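Heads up, the thing below is written out as structure tokens.
The values are calculated or read from the model by the stated rules, or taken from the named source; none is laboratory data. These numbers were taken from a predicted model, which means no experiment stands behind them. Cβ coordinates were reconstructed from backbone atoms using ideal geometry, including for glycine residues, and neighbour counts include every protein chain displayed.
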Amino acid sequence: MSIDAISSPTITTNASSTGGALKGTQDEFLKLFMAQLQYQDPFAPTSNAEMVGQLAQLSSVEQAKQTNVQLADLASAQAAVANANLASLVGRDCNATVGKFSVDSTGGAPPPMTVASANGTKGASMVITDANGKEVRRIPIPDGTTSASLAWDGKDANGATVAKGGYSMTVDKGASTSDITASWTGRVDAVELTANGPRLRIGGVLLAPGDIHTIGTESAPSGQKA
């Protein structure tokens, strides 16, 4: 009498096509492991070393998952501490490098800009573009300027208030012979926690904390004595 080997069903694992790493829950892994034991060929059973290796893989996967959870919790805690520390900037006069910024629906005039150049400027201007790179406003820098304060009223070239969204401000040096630096200058009114991370409100614009390069003393809100 001959004994036919029990054929094992096809068991697939949800593995990455690139790294081949096991994915899924611990229960899924154990079900696959038990199915392998149940349907293994009795004449060619799975070796003890292979089973131990699979169990070690399960332990490694679970440890990696726990590590990821703990790292996520640590990152959240650090972010909360960082956001709390940003609150110390509220009420302080700061300078922030011009670049990307946001305008929202709360209104308010953008803070003034301070521009500086080693030599007198010539044909230079501040250029404001929207998120698509389209120019919405160009503010001339007076010729011969080495240090000056410029104002932007938050409107486009047609005199309409710019829409809510992201914008960029850059310096067009024109025919100037030296580089021109430009900074927002104003009081931090609030820290806002947005979907893109914390933002500092200075006047009518929202700036990334990393744009701040000078932190001054605390100042009083407009209309109040310090």
Unmet requirement for residue 111, which otherwise passes all of (1) farther than 15 Å from residue 97 by Cβ; (2) in a loop (DSSP other than H, G, I, E, B)
(1)
Could you list, ordered by first residue, the pairs with Cβ atoms under 6 Å in which the first is in the range 110-128 and assigned by TED's automatic domain parsing to the domain that holds residue 160 and under 14 Å from residue 142 (Cβ atoms) and the second is assigned to a loop (DSSP other than H, G, I, E, B) and of a type in the set (D, E, K, R), at least 6 apart or interchain?
122/143; 124/173
Can you tell me which residues in the range 129-139 are in contact with a strand residue (DSSP E or B) (Cβ under 7 Å, 6 or more places away or on another chain) and over 13 Å from residue 182 (Cα atoms)?
129, 130, 131, 135, 136, 137, 138
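When you check residue 159 against the structure, is it touching a residue at least 12 places away in the same chain (Cβ under 8 Å) and either in a strand (DSSP E or B) or at positive phi (or both), yes or no?
No, not satisfied.
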Within the range 152-187, which residues are crowded, with 18+ Cβ neighbours inside 10 Å and over 27 Å from the mean Cα position of the chain (by Cα)?
176, 180
